[in-house]
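Read through the structure below, which is laid out as structure tokens, and then see the notes.
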Amino acid sequence: MENQSFVMPRIGEPAPEFTANTTQGKINFPADFTGKWIILFSHPADFTPVCTSEFITFGSMQADFEKLNCQLVGLSIDGLASHIAWLREIRKIEWKEFKNIDVEFPLIDDVSMNVARKYGMLQPGESETKAVRAVFFIDPKGMVRAMIYYPLSLGRNFDELKRVLVALQTSDNFRVSMPADWRPGDPVIVPAPSTMEALKKRDSGKEDGVTCHSWWFCTRKLSKEEVESKLGNK
Ligand code: BEZ
């Protein structure tokens, strides 16, 4: 496979642009979604079991992501006719607590592999003919903010994808970082003091609501309600 297959987007850089046909019509990416968060994700192939379980799960969460001002966009290197037939079949499947799932987000036809190449979704060590399970979080300005890759055999955890989106939005809105395993309502990490005066205040232990676990590791409370009141905001 050509070297081009190994090009990867990078965190903090603009999301690679493309136009594509999808199950919801033609899209100009990411421009058509400016002002929204985007989760662009690839799956190896239509009509396969792990991918089907993923689409049912993601499809069942569409309203959650909409509330978070987030557009979901799927992709595989199958064509439009296959995508449409597969989504129609998915609607008929009953699995776990799910049934009648209508996948309403666009699913890209990438038979040409144009998009898969631009996004480093083709990883020949895993498969020469299928895209791996890649996930890109793109912010309302079209910048790549996080990426996760899974192999063919492992279905993604969609609660984790939602957690990542919520964490990125919370970080932007409150200028804080999130410790390991953070969930809304948990303490957040405050930035290091940027002046001597601020440092003195922190050292004195008199900074309102801030708890220091070491001088470089300080947290504060951020309630779930405060987080939820800001989520999805641009
Ligand atoms: C699946 O979705 O089940 C799958 C797809 C490609 C390779 C292996 C598994």
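Since every read-out is calculated from the coordinates, none of them should be taken as a lab result. A quick note: this is a predicted structure, and the numbers were derived from the prediction, not measured. Heads up, the Cβs are rebuilt from the backbone with ideal geometry, glycines too, and the neighbour counts pull from every protein chain shown.
Structural remarks
- Here S153 clears all of (1) small (G, A, S); (2) within 16 Å of the ligand (Cβ to nearest atom); (3) in contact with a strand residue (DSSP E or B) (Cβ under 8 Å, 6 or more places away or on another chain) except the condition numbered (3).
- A single member of E160, E128 is out of contact with any helix residue (DSSP H, G or I) (no Cβ under 6 Å at 6 or more places or on another chain) and in a loop (DSSP other than H, G, I, E, B), and it is E128.
- The residues listed here are V7, V73, V50; of these, the one that is hydrophobic (A, V, I, L, M, F, W, C), within 16 Å of the ligand (Cβ to nearest atom) and either surrounded by 15 or more Cβ atoms within 10 Å (Cβ to Cβ) or closer than 22 Å to P151 by Cβ (or both) is V50.
The rows are residues; the columns are (1) away from the ligand (no atom under 16 Å from the Cβ); (2) in contact with a Phe, Trp or Tyr (Cβ under 6 Å, 6 or more places away or on another chain).
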site	(1), (2)
R88	yes, no
I93	no, no
F98	yes, no
S112	yes, no
V115	yes, yes
G120	yes, no
Q123	no, no
E126	no, no
I138	yes, no
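- Meets criteria (more than 16 Å from the ligand (Cβ to nearest atom) and either more than 21 Å from V73 (Cβ to Cβ) or touching a residue at least 24 places away in the same chain (Cβ under 8 Å) (or both)) for K130: no
- For the stretch 53-70, filtered to residues that are closer than 26 Å to P16 by Cβ and away from the ligand (no atom under 14 Å from the Cβ), the residue that is surrounded by the most Cβ atoms within 10 Å (Cβ to Cβ) is C70.
- Residue within the stretch 213-232 that is in a loop (DSSP other than H, G, I, E, B), out of contact with any Cys (no Cβ under 9 Å at 6 or more places or on another chain), closer than 30 Å to P16 by Cβ and in contact (Cβ under 8 Å) with a residue 12 or more places away in the chain present: yes
- Matching residues in the stretch 86-127 - criterion: being on the phi > 0 side of the Ramachandran plot and touching a Leu at 6+ places or on another chain (Cβ under 7 Å): M113
- Within the stretch 63-100, the set of residues being assigned to a helix (DSSP H, G or I) and touching an Asp or Glu at 6+ places or on another chain (Cβ under 7 Å) comprises L80, S82, H83, W86, R91.
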